[in-house]
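For reference, the structure is listed below as C-alpha cells.
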Amino acid sequence: MPGGTPRGVRGVAILGSTGSIGKSALQVLARQRERFRVVALTARDNREALDRQVREWQPRLSGLVAERGPDLLVEAATHPDADIVLNAVVGAAGLDATLAALRAGKRVALANKETLVMAGDLVRQASVEGGGELVPVDSEHSAVLQCVAGREGGLARLILTASGGPFREWEPARIRGATVAEALNHPTWQMGSKVTVDSATLANKALEVIEAHYLFQLPYAGLEVVVHPQSIIHAFAEFCDGSVIAQLGFPSMELPILYAFTHPERLPDSGVRRFDPVAVGAMTFEPVRTEVFRAFRAGVEAGRAGGTAPAVFNAANEVAVAAFLAGGIAFGRIAEVIEQVLDVHRVEPVRELDTVRAADRWAREHAHEVLA
Ligand code: MG
C-alpha cells in the first residue's frame with residue numbers, strides 16, 4: 001500500500017515481535033485491524049517466526065537484529081509511518097531505540113525495562129526535546145497510569161503488587177538450591193525466561209520500582225511493593241487526601257498493551273476475559289520478605305542511590321541470570337553476584353549516555369569476574 005497509512009489508522013512498529021509481548025501485541029492488533037496497521041516488525045534471531053508474521057501483516061520494514069545489527073531497531077523506531085513504537089526488546093539495545101523514537105516524536109509503548117532503569121533522566125529529556133511520549137506496557141505501571149489518568153496532581157504514594165513468584169512460601173535454604181525448571185514455573189504470568197527468573201528473585205519488582213520512580217516522578221519513599229499472590233490488583237495509587245484507587249483485572253498482557261496504544265482513550269476489546277469478583281474469591285496481601293529476596297532489596301537500594309547504580313544492578317542481574325539459566329550457578333548465587341558487584345561500584349551521576357554505557361560494561365565484566 002504505497003503513499004502512507006490511511007487517515008485515522010495508526011501505524012505501529014513492533015520491536016521484539018516474536019517474543020512474549022510482541023506476540024500478545026499482534027493478537028490484540030488482529031482484533032483492531034480497522035484502527036491500527038503494523039508498519040514494522042523486528043525480531044532478535046527467530047527467522048521462521050518472523051517470516052510467518054511478515055506474511056500475515058505485510059509490514060513495510062522487517063528484519064532480524066542478529067543479521068542487521070542494532071541499527072535496525074532505530075530504523076524501525078523512527079520509521080516515518082510509525083505513530084506508535086512498541087519496544088518489547090529484551091536488553092540494553094532497547095535503550096537507543098526508545099531515545100530515537102522519542103526524539104522523532106513517536107509514542108513509545110514501553111516494555112523494555114532497561115530504558116528507564118539505565119537512563120531514566122536522559123529518556124525524560126529526549127521526550128521533552130522531541131515531543132515523543134512514553135507510555136508503560138508493564139501491567140503494574142499501566143495500572144498506575146490508569147489510576148492517575150485524568151486525575152493530575154495530588155498523587156502521594158504508589159503500591160505496586162507482586163505475585164511473589166514460585167518461591168513466595170519456600171524456606172530460604174530451599175530457594176537457594178532451586179532448579180531452573182522450578183524458577184521458570186511462575187504461578188500467574190506466562191513470560192519470557194529472563195523476566196520469569198527475575199520474578200522468582202523479585203529483581204523484576206525492584207526494576208519496576210525504579211521505572212515507577214521515573215515514570216511517575218515520585219521519590220522512593222512514596223513507592224512500595226506488596227505481595228498479592230492472586231495478581232488481580234496490579235497497583236494502588238494513593239492521593240494526598242488518603243483516597244486510594246486501584247486497577248484490577250485477570251492477569252493478561254493484552255489489556256495493558258492495547259491501553260498503551262490508546263491512552264487516555266479506551267477501545268472495546270472482545271479478547272479480554274471479563275472480570276468476575278466471585279471467580280476471584282479472596283484477595284490476600286503480604287509484605288515482601290526482603291531478607292530472603294535479596295535481589296529485590298539490592299535493586300531498590302540501587303534505585304535510591306541513583307546515578308549509575310540502577311544500570312549496574314541491571315547489568316549484574318543479567319549476567320547472573322544468564323549464568324543461572326545456563327546451569328552455571330545456584331539460584332541463590334544470583335543475588336550474591338548482584339550484591340558483590342554493587343558493593344564495589346562507585347556511583348556516578350548520569351548526564352550522558354556514555355557514562356551509563358561505561359557503567360553497564362564495567363558491571364558485566366565485574367559480574368563475570370565474580371562468577372569466575
Ligand atoms: Mg510487571
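Structure data summary
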| item | result |
| --- | --- |
| Selection within segment 147-175 - within 16 Å of the ligand (Cβ to nearest atom) and over 30 Å from residue 263 (Cβ atoms) | 166, 168 |
| Residue that is farthest from residue 319 (Cα to Cα), among those in segment 81-102 that are of a type in the set (A, V, I, L, M), within 17 Å of the chain's Cα centre (by Cα) and open to solvent by 10 Å² or more (accessible area, probe 1.4 Å) | 88 |
| Selection count, segment 253-302, where residues are in contact with a Ser or Thr (Cβ under 9 Å, 6 or more places away or on another chain), without any contact (Cβ under 8 Å) to a residue 60 or more places away in the chain and either open to solvent by less than 60 Å² (accessible area, probe 1.4 Å) or under 23 Å from residue 150 (Cβ atoms) (or both) | 1 |
| Counted residues, segment 222-241 - those being open to solvent by less than 40 Å² (accessible area, probe 1.4 Å) and either part of a helix (DSSP H, G or I) or away from the ligand (no atom under 15 Å from the Cβ) (or both) | 3 |
| Candidates 165, 192, 130, 154, filtered to the one that is open to solvent by less than 40 Å² (accessible area, probe 1.4 Å) and outside the structural domain of residue 351 (by TED's automatic domain parsing) | 130 |
| All positions within segment 169-221 that are touching a helix residue (DSSP H, G or I) at 6+ places or on another chain (Cβ under 6 Å), in a loop (DSSP other than H, G, I, E, B) and of a type in the set (Gly, Ala, Ser) | 178, 192 |
| Contacts under 7 angstrom Cβ, first residue in segment 198-213 being open to solvent by 10 Å² or more (accessible area, probe 1.4 Å), partner within 12 Å of the ligand (Cβ to nearest atom) and among the β-branched types (Val, Ile, Thr), 6 or more apart | 204/195; 205/225 |
| Per-region count, segment 115-149, residues farther than 24 Å from residue 221 by Cα and either touching an Asp or Glu at 6+ places or on another chain (Cβ under 8 Å) or not aliphatic (A, V, I, L, M) (or both) | 6 |
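The values are calculated or read from the model by the stated rules, or taken from the named source; none is laboratory data. Because the structure is a prediction, the values reported are computed rather than measured. Note: ideal-geometry Cβ built from the backbone for every residue, glycine included; neighbour counts use all protein chains shown. Side chains are part of the model used for accessible areas, which takes the heavy atoms of the whole protein and leaves out ligands, DNA and RNA. Shrake-Rupley method; radii C 1.70, N 1.55, O 1.52, S 1.80 Å.
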